[in-house]
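Trainee: Below is a structure I'd like to ask you about.
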Amino acid sequence: MTAPSQIEFVLNGERRVAPAGATLAQLITELGLRSELVAVECNGAVVRRAEHAQRRLAAGDVLELVTLVGGG
Amino acid sequence: MNPATSSTEPVDAPLVVGRTTLRSRLLVGTGKYATNELMRDALALSGTDCVTVAVRRVNLGRGEPSLLDYIDRSRYQILPNTAGCYDAKTAIRTAELARELLGSTWVKLEVLGDPRTLLPDPIGTLEAARELVAQGFDVLCYCSDDPRLGVRLAEIGVASVMPAGSPIGSGQGVLNPNAIRILLELIDKPVIVDAGVGTASDVAAAMELGVAGVLLNSAVALARDPLRMAAAMRDACRAGRNAFLAGRIERRLYANASSPLEGVIGGAAGGVLGAKA
């Protein structure tokens, strides 16, 4: 159960809760990530970095947060 | 001037892929190195100016150094891949995320068939390539070595057709050089052999076919001495390219002496070496 002040969402395949009204930028900061190294997809569509500060999480959002790693 | 003195070094045109120009014809992956420092040093020794990276979910544990901290972006063009994607839709989403991460429309498209062979799925590859080209990406397209598929990819406007020499990470070299040769005759886009390189001679042999470049990763990262292998790949790429441009001699069944046949001592004037009366 989530309190009324919280919303539940999915982050990289895991269920998570956040305070209602939290933004993507706040989530990225909270996770200790460097924003310039993270790209965000919400419900299948990329959310541009410039929109992170305004974009509020909604209940049921499915987020993918990705970065670059070694690969061939 | 001393007639024994010469200092002419052959020149080569740069490799142009889409809207990007590369000095080196070797493209090198950043995966599987024991440490980021080793990767950084191997990249430098390889002489490459284009390195591939993968897009993956962030590690939600904190404080991890980023791969990008070890890659000088003023020196290297970063080519993100869609490795690990088994359908066109996931590959397209991954490419869109890569564009957001790097602010660049370069992408190495991979749509794979299954995890055991990692062979490219030609139908999914064509489908994803078409969509990404329409979105304005410069698509460097990993694909099988079927020349007709290469033609279809070139027709839809990929920046480079990149046939696998052999399966990814297998180290078998270029298994079907004739398919690569036919592809080179059929399309005008740069052809880059991507995957399967095991050692330096594989790179040289591929370049001697006339391909525009070679992309490799495991052969350097997993060599006993990655730094020395990186240097070997650099030299092999240049050697193979120069050999291609120089034009090899024809193969013959019998010998063709390099030294004059006339004037060998001991015989009659005008005698020919080995000739019996």
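Trainee: Do the conditions hold for B:VAL193, that is, is it open to solvent by less than 20 Å² (accessible area, probe 1.4 Å) and more than 11 Å from the chain's Cα centre (by Cα)?
Mentor: No; evaluated as a whole, the condition is false for this residue.
Trainee: Here's a follow-up. Give the residues of the range A:23-72 that are open to solvent by 40 Å² or more (accessible area, probe 1.4 Å), aliphatic (A, V, I, L, M) and touching a residue at least 24 places away in the same chain (Cβ under 8 Å), sorted by residue number.
Mentor: Of everything in the range A:23-72, those that are open to solvent by 40 Å² or more (accessible area, probe 1.4 Å), aliphatic (A, V, I, L, M) and touching a residue at least 24 places away in the same chain (Cβ under 8 Å) turn out to be A:ALA53, A:ALA58, A:ALA59, A:VAL62.
Trainee: What's the number of the condition B:ASP72 fails, among (1) more than 8 Å from chain A (Cβ to nearest Cβ); (2) more than 22 Å from the chain's Cα centre (by Cα)?
Mentor: Just one mismatch for B:ASP72, condition (2).
Trainee: Give all pairs with beta carbons closer than 7 Å in which a residue from the range B:87-101 that is more than 7 Å from chain A (Cβ to nearest Cβ) and under 20 Å from B:PRO120 (Cα atoms) meets a residue that is open to solvent by less than 20 Å² (accessible area, probe 1.4 Å) and in a helix (DSSP H, G or I); count only pairs at least 6 apart in sequence or on separate chains.
Mentor: B:ASP87/B:GLY124; B:ALA88/B:GLY124; B:ALA88/B:ALA128; B:ALA91/B:ALA128; B:ILE92/B:ALA128; B:ILE92/B:LEU132; B:ALA95/B:LEU132
Residues are listed down the side, and each one gets a yes or a no for (1) open to solvent by 10 Å² or more (accessible area, probe 1.4 Å); (2) in contact (Cβ under 8 Å) with a residue 24 or more places away in the chain; (3) not polar (S, T, N, Q):
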| position | (1), (2), (3) |
| --- | --- |
| B:THR125 | no, yes, no |
| B:VAL133 | yes, yes, yes |
| B:ASP145 | yes, yes, yes |
| B:GLU155 | yes, no, yes |
| B:SER160 | no, yes, no |
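Trainee: Give the residue that is most open to solvent (accessible area, probe 1.4 Å), with candidates limited to residues of the range B:1-33 that are aliphatic (A, V, I, L, M) and touching a Leu at 6+ places or on another chain (Cβ under 9 Å).
Mentor: Residue satisfying both the conditions and the ranking: B:VAL16.
Trainee: Next question. Can you tell me how many residues in the range B:31-49 are within 11 Å of another protein chain (Cβ to nearest Cβ) and polar (S, T, N, Q)?
Mentor: Residues in the range B:31-49 being within 11 Å of another protein chain (Cβ to nearest Cβ) and polar (S, T, N, Q): 2 in total.
Trainee: Does A:ARG16 count as touching a Ser or Thr at 6+ places or on another chain (Cβ under 9 Å), more than 7 Å from chain B (Cβ to nearest Cβ) and surrounded by 15 or more Cβ atoms within 10 Å (Cβ to Cβ)?
Mentor: It is false that A:ARG16 is touching a Ser or Thr at 6+ places or on another chain (Cβ under 9 Å), more than 7 Å from chain B (Cβ to nearest Cβ) and surrounded by 15 or more Cβ atoms within 10 Å (Cβ to Cβ).
Trainee: Can you pull out the residues in the range B:78-124 that are assigned to a loop (DSSP other than H, G, I, E, B) and among the polar types (S, T, N, Q)?
Mentor: B:THR82, B:SER104, B:THR105, B:THR117
Trainee: For the range B:214-226, does any single residue satisfy the condition of being farther than 24 Å from B:ASP41 by Cα and either hydrophobic (A, V, I, L, M, F, W, C) or in contact with an Asp or Glu (Cβ under 7 Å, 6 or more places away or on another chain) (or both)?
Mentor: No, that holds for no residue.
Trainee: Residues that are polar (S, T, N, Q) and modelled with pLDDT under 95: does the range B:50-60 have at least one?
Mentor: So in the range B:50-60, the residues polar (S, T, N, Q) come out as B:52, B:59.
Imposing the further condition that a residue be modelled with pLDDT under 95 reduces the set to B:59.
Yes, the conditions are met somewhere in the range B:50-60.
Trainee: Kindly check whether there is at least one residue in the range B:101-108 that is open to solvent by 40 Å² or more (accessible area, probe 1.4 Å) and within 17 Å of the chain's Cα centre (by Cα).
Mentor: no
Trainee: Is it true that B:VAL28 is touching a helix residue (DSSP H, G or I) at 6+ places or on another chain (Cβ under 8 Å), under 20 Å from B:PRO163 (Cβ atoms) and either within 9 Å of chain A (Cβ to nearest Cβ) or modelled with pLDDT under 95 (or both)? First the steps, then the outcome.
Mentor: On the way: touching a helix residue (DSSP H, G or I) at 6+ places or on another chain (Cβ under 8 Å): yes; under 20 Å from B:PRO163 (Cβ atoms): yes; either within 9 Å of chain A (Cβ to nearest Cβ) or modelled with pLDDT under 95 (or both): yes.
Answer is yes for this residue.
Trainee: Could you list, in sequence order, the residues of the range A:19-61 that are within 12 Å of chain B (Cβ to nearest Cβ) and among the aliphatic types (A, V, I, L, M)?
Mentor: We begin by selecting, within the range A:19-61, every residue within 12 Å of chain B (Cβ to nearest Cβ); these are A:27-52.
Answer for the range A:19-61, where residues must be within 12 Å of chain B (Cβ to nearest Cβ) and among the aliphatic types (A, V, I, L, M): A:LEU27, A:ILE28, A:LEU31, A:LEU33, A:LEU37, A:VAL38, A:ALA39, A:VAL40, A:ALA45, A:VAL46, A:VAL47, A:ALA50.
The values are calculated or read from the model by the stated rules, or taken from the named source; none is laboratory data. Just so we're clear, the structure is a prediction, and the values are computed from it rather than from any experiment. Positions of Cβ are generated from backbone atoms using ideal geometry, with glycine treated the same way; all protein chains shown enter the neighbour counts. For accessibility, only protein heavy atoms count, side chains too; no ligands or nucleic acids. Shrake-Rupley method; radii C 1.70, N 1.55, O 1.52, S 1.80 Å.
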